[in-house]
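Down below is the structure, laid out as structure tokens.
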Amino acid sequence: MNDSILDFYDSLAPYYHLIFEDWDKSIERQGAILNSLLEAQLGAGERKILDCACGIGTQAIGLARRGHQVVGSDLSVAAVERARREAAGRGLHISFLVSDMTSLAEIEERDFDVVLALDNALPHLAPEGLKDAVCAVSTKLRPGGIFLASTRDYDALMRERPTVQGPSFYGEAGERRIVHQVWDWIDGERYALHMYITHQTDGHWETHHFVSEYRCLQRGELSRALASAGLERIRWLMPDESGFYQPIVVARKSEVPIA
């Protein structure tokens with residue numbers, strides 16, 4: 001990933017929890033949803049999970065709370081450092097590492113039951129980077145293991161071309177905050193996302209502005225990339241089916257070695 005994307009996540013890390021109305025409740029809710037998805041795919045029981053776009057730990061913490069053995073990785077040093085603090089503060093033992101999802105070279109372990117890349121992480125990547133990322137994921141999965149990734153619904157968004165998302169108002173009087181986004185379309189499939197977090201502290205308001213670029217990664221392109229990496233039984237789950245806030249793709253590594 002390029003430096004601008006890294007700067008986006010490094011600068012956002014101290015404020016990321018403010019995007020949620022209640023981050024702890026979101027951790028719990030997403031952990032429950034993902035745990036149910038894993039049980040539907042693999043059966044009940046503790047799983048060895050790699051969250052390769054862990055950010056500040058939203059899903060990694062939620063799944064570790066349910067007894068799973070979790071390793072988290074992210075390109076952002078600031079996000080990984082915060083994830084470590086958040087997990088330790090909750091009494092959880094999660095290994096967090098700095099690693100680019102296009103290689104995962106720093107992740108020595110293999111044979112994960114599950115690899116995750118959630119929260120619209122893959123659409124940061126150009127086509128070649130996407131290919132590298134799904135190949136790296138495949139090398140970390142055990143035969144029969146599954147990959148779960150979530151993206152925005154770009155099949156619809158490319159038609160709609162929205163320019164604004166929000167605003168959302170959170171918090172109580174004296175501690176309000178406003179979160180909204182502006183999308184500046186670069187061309188037919190790329191946009192610059194401007195995220196604004198405005199929060200009220202000690203009687204005054206502060207605004208933080210974060211910018212990153214995304215590519216509209218449609219479901220067909222991602223499905224083809226997954227198949228080219230040797231993943232199969234590819235299935236998309238829309239939010240009304242999964243309960244998750246974004247579409248999720250599920251793909252399984254073949255249990256039969258490829259000759």
Count of residues meeting criterion [in contact with a Gly (Cβ under 8 Å, 6 or more places away or on another chain) and either modelled with pLDDT under 95 or surrounded by fewer than 16 Cβ atoms within 10 Å (Cβ to Cβ) (or both)] in segment 1-28: 2
Working only within segment 224-236, note down all residues that are closer than 16 Å to residue 150 by Cβ and either open to solvent by 30 Å² or more (accessible area, probe 1.4 Å) or touching a Pro at 6+ places or on another chain (Cβ under 7 Å) (or both). 234, 235, 236
Could you check, for segment 162-175, whether at least one of its residues is in contact (Cβ under 8 Å) with a residue 60 or more places away in the chain, surrounded by 13 or more Cβ atoms within 10 Å (Cβ to Cβ) and at positive phi? no
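With 94, 49 as the choices, which residue is crowded, with 17+ Cβ neighbours inside 10 Å and under 17 Å from residue 148 (Cβ atoms)? Lay out the reasoning, then the answer.
Values: 94 fails: under 17 Å from residue 148 (Cβ atoms).
Residue meeting the stated conditions: 49.
Give the residue, chosen from 126, 60, 88, 32, that is surrounded by 20 or more Cβ atoms within 10 Å (Cβ to Cβ) and not β-branched (Val, Ile, Thr). Outline the logic, then answer.
Working: 126 fails: surrounded by 20 or more Cβ atoms within 10 Å (Cβ to Cβ); 88 fails: surrounded by 20 or more Cβ atoms within 10 Å (Cβ to Cβ); 32 fails: surrounded by 20 or more Cβ atoms within 10 Å (Cβ to Cβ).
After applying the criteria, what remains is 60.
The values are calculated or read from the model by the stated rules, or taken from the named source; none is laboratory data. In this text the structure is predicted, and so the values were computed from the model without any measurement. Cβ atoms come from the backbone with ideal geometry, glycine included; neighbour counts cover every protein chain shown. Remember, those area values only see protein heavy atoms, side chains included, never the ligands or the DNA or RNA. Shrake-Rupley method; radii C 1.70, N 1.55, O 1.52, S 1.80 Å.
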